[in-house]
Amino acid sequence: MVGEGLGKGPDDLKKGFVTPSFKEGSIFVENAEGKIMRLAWEAMDGENAGPLKEKRARLRSLLPGEYTVTGYRLLRKDDRGTEWTLSGLNAGGVSTFKVETGKKSVIRIDPTVHFGSKGVLNRKREFMVQASIQGQHHAGVTIYKASKRIAMNYKVTGANGVVLESGKMNYG
């Protein structure tokens with residue numbers, strides 16, 4: 001199921017509806033029986049936009065039940081218009097939501113990226129930088145620009161502010 005919209009058939013009377021907390025992107029969800037589905041949302045453009053059409057286009061129909069979001073890809077633009085993709089994955093679940101017949105639920109995905117790092121001296125007296133980059137509920141996160149994973153710049157400074165180490169770190 002790739003983002004089924006609001007249908008008008010008799011089966012839709014047995015379903016509930018979901019809409020995302022994000023503007024553009026896709027999610028992978030798993031139901032209680034282990035079935036995995038992809039739901040996607042695109043930004044509304046000029047002639048198709050409008051409050052009523054946009055609200056209706058944001059809804060996806062699902063059978064009632066408990067669902068777990070196992071992955072997401074959020075499309076973002078910065079102030080300069082540069083497009084970025086934030087991708088998160090956690091097989092144990094990023095978030096859960098419940099669908100009830102005839103009701104609307106919001107699927108909430110937190111786009112916050114958490115960075116953690118530390119420096120360690122190994123047995124050979126070499127300095128190593130360890131970093132963790134995570135999203136919601138410890139999801140492994142990757143950030144893309146122009147469909148390529150971006151490297152992160154880093155600097156390690158001593159207590160006196162002197163740069164001890166710097167470079168680019170690839171991750172993922």
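Can you tell me which residue within segment 132-164, out of those that are more than 21 Å from Thr70 (Cβ to Cβ) and either surrounded by 13 or more Cβ atoms within 10 Å (Cβ to Cβ) or assigned by TED's automatic domain parsing to the domain that holds Phe28 (or both), is nearest to the chain's Cα centre (by Cα)? Looking at residues that are more than 21 Å from Thr70 (Cβ to Cβ) and either surrounded by 13 or more Cβ atoms within 10 Å (Cβ to Cβ) or assigned by TED's automatic domain parsing to the domain that holds Phe28 (or both), I get Ile150. Look at segment 76-95: where a residue is in contact (Cβ under 8 Å) with a residue 12 or more places away in the chain and a partner is among the polar types (S, T, N, Q) and surrounded by 10 or more Cβ atoms within 10 Å (Cβ to Cβ), sitting 6+ places away or on another chain with Cβ atoms under 6 Å, you get Ser87/Thr142; Ala91/Thr70; Gly93/Thr68; Val94/Gln136. Restricting attention to segment 25-58 and to residues that are at pLDDT 90 or above and assigned to a loop (DSSP other than H, G, I, E, B), the residue that is surrounded by the most Cβ atoms within 10 Å (Cβ to Cβ) turns out to be Lys35. Glu66 satisfies every condition listed in (1) of a type outside the set (Val, Ile, Thr); (2) part of a strand (DSSP E or B); (3) at pLDDT below 85 except (3).
What strands (runs of 3 or more DSSP E) completely inside segment 89-131 contain at least 3 residues that are surrounded by 15 or more Cβ atoms within 10 Å (Cβ to Cβ)? If you could, list the steps in order and put the result at the bottom.
Details: elements: 95-99, 104-107, 114-121.
Hits in segment 89-131: 95-99.
The values are calculated or read from the model by the stated rules, or taken from the named source; none is laboratory data. Predicted model, so just to flag it, every value in this text is computed and none were measured. Positions of Cβ are generated from backbone atoms using ideal geometry, with glycine treated the same way; all protein chains shown enter the neighbour counts.
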